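As structure tokens, the structure follows; a few thoughts come after it.
The values are calculated or read from the model by the stated rules, or taken from the named source; none is laboratory data. Since we're looking at a predicted model, the values are computed, not measured. Counting neighbours? That spans all protein chains shown, and the Cβs are built from the backbone with ideal geometry, glycine included. The accessibility values were calculated without ligands, DNA or RNA, using every heavy atom of the protein model including side chains. Shrake-Rupley method; radii C 1.70, N 1.55, O 1.52, S 1.80 Å.
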Amino acid sequence: MPDLKPFLATGLALGGIYALSGASLVLLYRTTAVVNFAYGGLGAAAALVTWQVLDKGGPEPLAWTAGVAVATAASLAYGTLIHPRLASRDIAISASGSLGAALILLGACTLIWGDQVRTLNLGTSQLSFRVTTAYVNGTQVFALALATGVVIAAGAFLRWTLLGTTIRALANDRGLSALLGIRVRRVEALTWGTVGALAGLCGILFGDLVSLQPETLTFMVIASLAAAVVGSFRSLWMAYVGGIVIGLLQACSTPFQSLSPYSDAVPFLVAIVALLIRDVRRHSRGERVP
């Protein structure tokens, strides 16, 4: 039986990134009713810009800032220029728009930086300490702490602030919210910008922990979407739990030769199980299951 402690540390860190990404997707969906497939592409752009600044000898704070700024600007541009034209269309069409944005981001990243694997060494990864038989670095701790802090803060914000109440009202009925005087475009732009910044942070951390490659970073959205499915695109905390579970299962399957080839299927399995449990619960309450 292999020692799983090092893999638990890695799994919690990856799970933190998936949890934060899933919660971000839930937040955006509750505001705009958009499933954002471009989340991973935003993270890829942020991570590669961060690497570029560091490669040119720039200081790390500037690299982080530049990466997050690029992801924020790209997300905000889509949210203010493209999304309003799709807001009244079917959910599948609006989702296709974000998928198109993801492919454009992936193509741009590949065109500029190529598809070779690079190494992003953040200062946080140089800080390490020992927990029993496992070594944990600063990036792993920061990823989990950031996810937990953001989910707590976002939950409190949505529940206890006026703007949070506005966002929840917007999620329920966009047209009625506009009639009540809510500045729909402004609230949506704020959410798109915030989610873009979080995508940038997730991409930078993911690039340090796993791989700095456009395709790998872009497809990070698969695990993020699975986490959001666990939360039914409604619950931040359930998305958080889903992300942690996915990260742990993926990491802990690595030392087992019979399981490691199937680690990429973990997000799909977790999402399927979550949907089955939801349908069983609805059936037990006598609700109609589509």
_Matching residues, region 238-259, being more than 16 Å from ALA223 (Cα to Cα) and not hydrophobic (A, V, I, L, M, F, W, C)_ = THR254, PRO255, GLN257, SER258
*Scanning for something within 13 Å of the chain's Cα centre (by Cα) and either polar (S, T, N, Q) or assigned to a helix (DSSP H, G or I) (or both), does region 254-263 turn up at least one residue?*
no
_Yes or no: region 35-45 includes at least one residue that is surrounded by fewer than 23 Cβ atoms within 10 Å (Cβ to Cβ) and not in a helix (DSSP H, G or I)._
yes
*If you check ALA108, ALA74, which single one turns out to be open to solvent by less than 80 Å² (accessible area, probe 1.4 Å) and closer than 30 Å to LEU12 by Cα?*
ALA74
*Could you look through region 24-34, keep only residues that are in a helix (DSSP H, G or I) and open to solvent by less than 10 Å² (accessible area, probe 1.4 Å), and pick out the one that is modelled with the lowest pLDDT?*
THR31
*Go through (1) surrounded by fewer than 21 Cβ atoms within 10 Å (Cβ to Cβ); (2) modelled with pLDDT of 90 or more; (3) in contact with a Ser or Thr (Cβ under 8 Å, 6 or more places away or on another chain) and name the single condition PRO61 misses.*
(3)
*Could you pull out the residue among PRO261, PRO267 that is open to solvent by 30 Å² or more (accessible area, probe 1.4 Å) and more than 21 Å from ALA156 (Cβ to Cβ)?*
PRO261
*Would you call LEU14 open to solvent by 10 Å² or more (accessible area, probe 1.4 Å), touching a residue at least 60 places away in the same chain (Cβ under 8 Å) and under 19 Å from the mean Cα position of the chain (by Cα)?*
yes
